[in-house]
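For reference, the structure is listed below as structure tokens.
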Amino acid sequence: MKILVVGCGKVGSEIARDLAGSREVDSLIAMDASSQNLKLLRKRVPRKLQTVKLSILQKTQFHDLLEKVDLVCGALPGRLGFDLMAETVKTGKDTVDISYTPRDAFLLHRKATEVGCRVVPQCGVAPGFTNMCVGDASRRLDQMNSVEIFVGGLPEKPEPPLNYRIVFSLEDVVNEYSRPVQVIEEGKRKKVDALSGRGHISFPGVGNLEYFLTDGLGSLPRSYPKTREMHEFTLRYPGHADMMSTLQVLGFFERKSVKIGGVELEPRQVTIELLRAVMSRGSPEDFLALRVEVKGLSRGKKTHLRYQVLDHYHRRSGISAMARTTAYPCTSVALLMGRGEIKETGIVTPEKIAQDERLFRFVLSRLAERGVKMKMTTLAHEKT
């Protein structure tokens, strides 16, 4: 395979490193608009790698690059993810993308089907791997009644007052805290406020964490519209949601510019830059806590399925838990796609892939080989 990785930040660089280590990948092109990102990547990936300093806005050069590869892995910030997929579909290139773009990837379904290419959007950890867990659960259950997803990447040594450190795009973190949240409640799809629905959860190996609603279900409500309840919650250390909610109420996440001393400023951009300094403090060691709870009926019995992952910073390689758990679902699906294992054309969701037990087992085996282990528990006769 010849693969193009677009975006070589915290996660994209690990996608590139992991693919370069595969015997199935003959060559790898890494593309980024940042010379520094590419320089750091060349130190980590000495073999099979070609780097190109380029933006997807440079469409002619980008299309020329696409002609040289078999498939694409996208790892750009959410605001650019849809544009990337739109360009790869124009050239008929199979694509696996990790970005959480606010635009609906299914807008590209008809065109992708016409040209015969496959696009797997939102294929990171959440949405992405969490969707795969739900897809597997849908295969095991005759009826799926509720889906509750809890996930968060957190520092092992939190520093007050925010007790959070950047583990992926800060712009996308702020989007999580401010974007309306898609949920299903009492069988009806609706949108609610981010940072609402707060509570506390005890996570084994971690302790007490708080949770709050964020817009991380991705394509799940579309795939399983008959589910009665469906929510995705972000995990943080207790107290974090109160501080972010205060910023939101005061208008610090607003996009509408304000004039200060004759200068137009966007509060959101100012906030991101101020948070960047505070959220970069402390040591890089992190962990990723993930739990997916699915309840329904199996052979007439109330059944509760629990999928759980706790991954830690890899000290020997210096790779964050967030980068590992986001990159490896993407690289695993890319290899499946390159092998021709994903037959369906158009937009193919992660949950659709995991409905095939064999394909989901392949993803799980690759994660386990890299130390990311999932524990699945079946609890029968539980009240739904």
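So in the stretch 340-366, with the set limited to residues that are touching a strand residue (DSSP E or B) at 6+ places or on another chain (Cβ under 8 Å) and assigned to a helix (DSSP H, G or I), which one is surrounded by the fewest Cβ atoms within 10 Å (Cβ to Cβ)?
First, pick out the residues of the stretch 340-366 that are touching a strand residue (DSSP E or B) at 6+ places or on another chain (Cβ under 8 Å): 342, 344-350, 353, 364.
Then drop every residue that is not assigned to a helix (DSSP H, G or I), which leaves 350, 353, 364.
Values: P350: 30, I353: 26, L364: 21.
Step by step, filter the stretch 340-366, then rank; the result is L364.
Can we say H304 is of a type outside the set (A, V, I, L, M) and open to solvent by 20 Å² or more (accessible area, probe 1.4 Å)?
Working: of a type outside the set (A, V, I, L, M): yes; open to solvent by 20 Å² or more (accessible area, probe 1.4 Å): no.
Considered against the rule, which asks whether it is of a type outside the set (A, V, I, L, M) and open to solvent by 20 Å² or more (accessible area, probe 1.4 Å), H304 comes out as no.
Please verify whether S196 is open to solvent by 10 Å² or more (accessible area, probe 1.4 Å) and in contact with a His (Cβ under 9 Å, 6 or more places away or on another chain), treating the condition exactly as stated.
On the way: open to solvent by 10 Å² or more (accessible area, probe 1.4 Å): yes; in contact with a His (Cβ under 9 Å, 6 or more places away or on another chain): no.
So S196 fails the test.
Here are some residues: A327, A321, A334. Which one is closer than 30 Å to T246 by Cβ and open to solvent by less than 60 Å² (accessible area, probe 1.4 Å)?
Values: A327 fails: closer than 30 Å to T246 by Cβ; A334 fails: closer than 30 Å to T246 by Cβ.
Result: A321 is the single residue among A327, A321, A334 that is closer than 30 Å to T246 by Cβ and open to solvent by less than 60 Å² (accessible area, probe 1.4 Å).
If you check L379, L290, L297, L310, which single one turns out to be crowded, with 24+ Cβ neighbours inside 10 Å and not in a helix (DSSP H, G or I)? Before the answer, list the steps.
Details: L379 fails: crowded, with 24+ Cβ neighbours inside 10 Å; L297 fails: crowded, with 24+ Cβ neighbours inside 10 Å; L310 fails: crowded, with 24+ Cβ neighbours inside 10 Å.
Answer to the selection: L290.
Mind counting the residues in the stretch 131-148 that are of a type outside the set (A, V, I, L, M, F, W, C), surrounded by fewer than 21 Cβ atoms within 10 Å (Cβ to Cβ) and touching a strand residue (DSSP E or B) at 6+ places or on another chain (Cβ under 9 Å)?
Pass one, the stretch 131-148, residues of a type outside the set (A, V, I, L, M, F, W, C): 131, 135-136, 138-140, 142-143, 145-146, 148.
With the extra rule that they be surrounded by fewer than 21 Cβ atoms within 10 Å (Cβ to Cβ), the set shrinks to 139-140, 142-143, 145-146, 148.
From what is left, the residues that are touching a strand residue (DSSP E or B) at 6+ places or on another chain (Cβ under 9 Å) are 140, 142-143, 145-146, 148.
Total meeting the criteria: 6.
Considering each residue of the stretch 67-118, count those that are among the hydrophobic types (A, V, I, L, M, F, W, C) and assigned to a helix (DSSP H, G or I), and give that number.
Going residue by residue through the stretch 67-118, those that are among the hydrophobic types (A, V, I, L, M, F, W, C) are 69, 71-73, 75-76, 80, 82, 84-86, 89, 96, 98, 105-108, 112, 115, 117.
Subsequent filtering for residues that are assigned to a helix (DSSP H, G or I) retains 80, 82, 84-86, 89, 105-108, 112, 115.
Result for the stretch 67-118: 12.
Is there any pair linking a residue in the stretch 149-171 that is open to solvent by 40 Å² or more (accessible area, probe 1.4 Å) to one that is assigned to a strand (DSSP E or B), with Cβ under 6 Å and at least six apart or on different chains, and which?
Hits for this filter: E156/F287; R165/P155.
Give I56, I29, I15 a once-over and let me know the one that is assigned to a strand (DSSP E or B) and touching a residue at least 40 places away in the same chain (Cβ under 8 Å). Don't jump to the end; show me each part of the working.
Working: I56 fails: assigned to a strand (DSSP E or B); I15 fails: assigned to a strand (DSSP E or B).
One residue alone meets the criteria, I29.
The values are calculated or read from the model by the stated rules, or taken from the named source; none is laboratory data. Since this is a predicted model, take the numbers as computed values, not measurements. Counting neighbours? That spans all protein chains shown, and the Cβs are built from the backbone with ideal geometry, glycine included. When the accessible area is computed, the model is the full protein with side chains, heavy atoms only, and any ligands, DNA or RNA have been set aside. Shrake-Rupley method; radii C 1.70, N 1.55, O 1.52, S 1.80 Å.
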